[in-house]
Protein chains: 4
Amino acid sequence: MTSSSPVTAPAPDGPLTSVAVLGARGRMGVEVCRAVNEAEDLELVAMVEGSEWLFNVADGGAQVAVDFTRPESVMENIRFCIDQGIHCVVGTTGFDDEKIATIREWLAPKPDLGVLIAPNFGIGAVLLMKFAAEAARFFTSVEVVELHHPNKVDAPSGTATRTAQLISQARAAAGVAPAPDATQEGASLPGARGAVVDGVPVHAVRLAGLVAHEEVLLGTHGETLTLRHDSYDRSSFMPGVLLAVREIQRRPGLTIGIESLLGL
Amino acid sequence: MTSSSPVTAPAPDGPLTSVAVLGARGRMGVEVCRAVNEAEDLELVAMVEGSEWLFNVADGGAQVAVDFTRPESVMENIRFCIDQGIHCVVGTTGFDDEKIATIREWLAPKPDLGVLIAPNFGIGAVLLMKFAAEAARFFTSVEVVELHHPNKVDAPSGTATRTAQLISQARAAAGVAPAPDATQEGASLPGARGAVVDGVPVHAVRLAGLVAHEEVLLGTHGETLTLRHDSYDRSSFMPGVLLAVREIQRRPGLTIGIESLLGL
Amino acid sequence: MTSSSPVTAPAPDGPLTSVAVLGARGRMGVEVCRAVNEAEDLELVAMVEGSEWLFNVADGGAQVAVDFTRPESVMENIRFCIDQGIHCVVGTTGFDDEKIATIREWLAPKPDLGVLIAPNFGIGAVLLMKFAAEAARFFTSVEVVELHHPNKVDAPSGTATRTAQLISQARAAAGVAPAPDATQEGASLPGARGAVVDGVPVHAVRLAGLVAHEEVLLGTHGETLTLRHDSYDRSSFMPGVLLAVREIQRRPGLTIGIESLLGL
Amino acid sequence: MTSSSPVTAPAPDGPLTSVAVLGARGRMGVEVCRAVNEAEDLELVAMVEGSEWLFNVADGGAQVAVDFTRPESVMENIRFCIDQGIHCVVGTTGFDDEKIATIREWLAPKPDLGVLIAPNFGIGAVLLMKFAAEAARFFTSVEVVELHHPNKVDAPSGTATRTAQLISQARAAAGVAPAPDATQEGASLPGARGAVVDGVPVHAVRLAGLVAHEEVLLGTHGETLTLRHDSYDRSSFMPGVLLAVREIQRRPGLTIGIESLLGL
């Protein structure tokens, strides 16, 4: 029997998983509803927005709830779902150690129930970070270029900063020497957009027409390896959300990030 | 204590490893001699070419021999080194199952001795293949573009063909559906250079100025991941050769390929 | 006085140009209305769809009409506009020599009036074709890679085919020898998607997540030049449409394509 | 009759042009000698190095002399060639306005003789700069990324700085508004390698394995255009040198740069 990939090829003849979407009219929620509707192995049984009554979620028989709401409401939503025996996939931000600990407490008496909280559901971005960290110790030099639309407020991007940190940690753990750099001139000029993050240069390009792109360049004697992720629109997060919806039923307890779901 | 990376940051204060190079005047051998000379933790104690006497290798006290000779001489060289208790790193081609079995027999009574045979010492190329195979099941579509100088006789390249095979195997194992393709027109035109390898399109570009380059493109909803390897000259294989020289002393028995040395 | 670029920096203090959009509810028409609304130097005075009365266009005082309708209605629209003294910018397809000749006849008695018909309003794509044709004769090898979403029916794309034709013409005119290619093996395998167009290999990649992308690779001794155009959505045609709206008032007679408007 | 391209397809049946190389044992001179030898329409009649007697050049009957020597000797060489009626192609650096004026004086009485002085013979780099300057006014945003080996002392590179200046001039001449940039955070971090040159951000990547690469990114609504030049080794300058050798005989007087030879 062929085991199907959770991401791209769900078994079409198994039982449907019923899904509720909280924050269903938000930017991300709308996309989640559409993606669940289009997935043959999932059924959308509840769409909740704002003050609507959460009992819809339980009445609809949801097995998994997806939450893209707001920091001030997400804890209440998670509490309700755990009480009702509904698995949670959470993309809402704002979790600190205290909230994380609280969720673990709530989950303790429910050994079959799973909650996943992820800051980034983009499978491509997660893979890029993983590969960059793995490859970093084999190369003399590593630099990062991130490219975004010009309305972005922060530079470098959070994802690029995180990538640089992971690269730096991997190189430190392997005892790799700093990348060589003979640059002498130019120090007095105003620098280009970007930053050196834990020893890794991160260049930030802002260009009309672009969406969200990241490139990691690794070089050694006579060869380079380039890892590039291009995100064209919000729908790029949906495969990661659907992956989480499918997997959370088999992963009791609290899971942070989608990395472990990728089975790498 | 910091553990040093075997590839890029050898511990400078440990004892030197003495190295002999067989085929020292060949294209690759010249590069190996240069790379060993430049490595602070290695000492070049013998350079052997053609009919020169192999006892130089033993007399020089070589701990590791690197063989880039020819299929008709490599077995004799390996036999000699095993007899003398010298580890072997072999880049010469032409090994079949019978020869492999013979080497295993020779190694059986020498539990501390290691022989490594690798078809490709390019760390970047090996990483590219590994990452492509790992990522392949998370994406709807995968295609390969390989780009080489116009004097190359085969198309697609062996490395690209191997990459496509690994991608295809990974997708089959995960039960991923074939990539969608609505192409209807154009079938009657003469196709462009390249081939469909196990269901994966491999496009072959031949361009003056290029050396050896490979790109794996993976796409799903709203995002793509691109993995690219650029090899600029023969020296790009040296980090892999040095890695093998350093690691073979800790890896008794026969090792095929450098993948397992990368510790991924 | 600074002369402003017609594309990106219209003079903000000049008189507004009043614009009518025909086919205002079509895919492209909606984008045109939005773009005209957002342009500080343009005023949207009429939106016409289907059977609505064209006199709206004249009543609204339109100076320029933009037509993204259908081949069966566009000639009538152009006739009306010419009669009323309204300049036309036409993105509708389906013009043959006969229709072109007819429009020239209609324009003959109106020496101040301009009509522009363009198959492609994408400035980036037009520039890519121009640069590729200009550079082609200086390089030993030229190949084209076009990359699109997997729902595209034709391969290679019309734009890539046109690009290859222009490259081929430029090389023929300069007497450039065919690109070298030592490929011998692989001819018996099924080729990859793509075609050889007038001697120029065009590789066609189809990948989920992509939109419309084209890359021209040119190579000679020790160097390559790569020209790449990425189109992320339909709005990419709007700068070209607005350029045409602004320029057509100064360009009496019939203009085919936006190339001449770019002033290159 | 087919007119042949001066760069890639010299007429093979015309008379040979005899060439002398001054600085024949220098890094560039060696490459020039090799390139002249390999060109079917050129004949290498003299190789001069250091204190060797320049009369060799005249005795050998050279029609064109190529000078890659040193600033302190180049003026004497040019003077000698002009006196002998030999055309000059000069890649040596260090020319100021005074020296340029002197050469013009020397050329005045020789209406048929040509001297070409070029800071960069790379056709790809020259085309990249030309195309970037032409395209710059049609896009909302423009940024430059240059990538080099880590032994390079200056950052950004001279070519990238020159490219940014040309882009800035073209945008100023067209009255284009500055590129939008909402970046607020990150200003306090140490910037990444690079500089803002005349308003154009230039990012400088230094990576082991790389040689010399430059990328110009141009973006507007929904589309981007990317122009990239990759120089893999010194031989990349040879097509430009040979172009100059062939063309200088038809271009009396002083020519600065190879741009005008490209006939664009």
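To the nearest 0.05, how large is the calculated FRET efficiency for C:R234 and D:D181 if R₀ is 35 Å and r is the Cβ-Cβ distance?
Using R0 = 35 Å, I get an efficiency of 0.90.
Kindly give the distances from B:I256 to its copy-mates, label point to label point, with each label point 7 Å from Cα along Cα→Cβ, as nm values to one decimal ordered shortest first.
Between copies, matching label points for B:I256 lie 4.2, 6.2, 6.5 nm apart.
Compute the signed sum of charges (Lys and Arg +1, Asp and Glu -1) over the other residues within less than 10 Å, Cβ to Cβ, of D:P201.
Result for the neighbourhood of D:P201: 0.
Measure out, as a whole number of angstrom, how far apart the alpha-carbon centroids of segment B:124-143 and segment B:153-213 sit.
Going from one Cα centre to the other spans 13 Å.
Roughly what angle does helix D:71-84 make with the longest principal axis of chain D, taking Cα atoms, 0 to 90 degrees, to the nearest 10?
40
Distances in nm, one decimal, shortest first, from C:W53 to the same residue in every other copy, taking the label point 7 angstrom along Cα→Cβ.
Computed spacing set for this position: 5.3, 9.9, 11.1 nm.
Name the chain D residue with the Cβ nearest the axis that maps D onto B: which is it, and what is the distance in angstrom?
In chain D, the Cβ lying nearest the symmetry axis toward B is D:Y232, 3.
Comparing C:G91, C:G158, C:G253, which has the greatest mean-square fluctuation in the GNM of chain C with Cα pairs linked when under 10 Å apart?
Highest fluctuation among the options: C:G158.
Taking every DSSP beta bridge with both residues inside the protein assembly as shown, roughly what % is antiparallel (nearest 5)?
50
Over segment A:152-264, what is the mean sequence separation of C-alpha contacts under 8 Å (at least six apart), divided by residue count, expressed as relative contact order in percent?
Reported as a whole number, the value is 20 percent.
Would you mind telling me the share, in percent, of accessible area of segment D:127-264 contributed by carbon and sulfur at probe 1.4 angstrom?
Of all accessible area on segment D:127-264, carbon and sulfur atoms account for 52 percent.
What relative contact order, as a whole-number percentage, does chain A give when Cα pairs under 8 Å and 6 or more residues apart are counted?
Value for chain A: 22 percent.
Tilt of helix D:27-38 relative to the longest C-alpha principal axis of chain D, in degrees (0 to 90, nearest 10)?
Once rounded, one gets 60 degrees.
Per residue, how large is the accessible surface of the protein assembly as shown? Use a 1.4 angstrom probe and give square angstrom.
It amounts to 40 Å² per residue over the protein assembly as shown.
Return the value, in Å² to the nearest 100, of accessible area buried between chains A and D (probe 1.4 Å, both sides summed).
Looking at A and D, the buried total is near 3300 Å².
Rounded to whole Å and sorted largest first, list the principal axis extents of the Cα atoms in the protein assembly as shown.
88, 88, 59
Cα centroids of segment B:39-106 and segment D:240-256: how far apart, whole angstrom?
After rounding, the separation between the Cα centres reads 55 Å.
Got a sec to turn the phi values of segment C:156-163 into Karplus ³J(HN,Hα) couplings, 6.51 cos²θ - 1.76 cosθ + 1.60 with θ = phi - 60°, whole Hz, x for Gly and Pro?
Per residue, the Karplus-derived 3J(HN,Hα) values read x, 5, x, 5, 5, 4, 5, 4 Hz.
Looking at segment A:67-222, what % of the alpha carbon pairs are farther apart than 26 Å?
46
Which of B:K130/C:K130; B:K130/B:K152; C:K130/D:K110 have a Cα-Cα distance over 29 Å?
Long pairs (Cα-Cα over 29 Å): B:K130/C:K130; C:K130/D:K110.
Using a 7 Å offset from Cα along Cα-Cβ at B:A101, what residues in segment B:243-264 end up with backbone N under 19 Å from the label point?
B:254-256
Every other copy gets compared here: list the nm distances from the A:P178 label point (7 Å along Cα to Cβ) to its counterparts, shortest first, one decimal.
Its label point is 3.2, 5.4, 5.5 nm from the equivalent points in the other copies.
To the nearest 10 degrees, how steep is helix A:97-107 against the longest Cα principal axis of chain A, on a 0 to 90 scale?
The angle comes out near 30 degrees.
Ignoring everything except DSSP H segments at least 4 long, calculate the 222 nm mean residue ellipticity for chain C; use -39,500 (n - 2.57) per segment, divide by total residues, nearest 500.
It comes out at -9500 deg cm²/dmol, rounded to the nearest 500.
In chain A, once you exclude exposed GluC sites (Glu not before Pro) (DSSP loop, at most 12 other Cβ within 10 angstrom), what's the longest stretch remaining?
Here the longest run is A:41-184.
Which whole number in µm²/s is D for chain C by Stokes-Einstein, with the Kirkwood Rh taken over Cα pairs at 10 °C and 1.306 mPa s?
78
The values are calculated or read from the model by the stated rules, or taken from the named source; none is laboratory data. Predicted, not measured: the structure shown is a model, and the values here were computed from it. Ideal geometry is used to build each Cβ from the backbone, glycine not excepted, and the neighbour counts take in all protein chains shown. Only protein heavy atoms, including side chains, enter the accessible area calculation; ligands, DNA and RNA are left aside. Shrake-Rupley method; radii C 1.70, N 1.55, O 1.52, S 1.80 Å.
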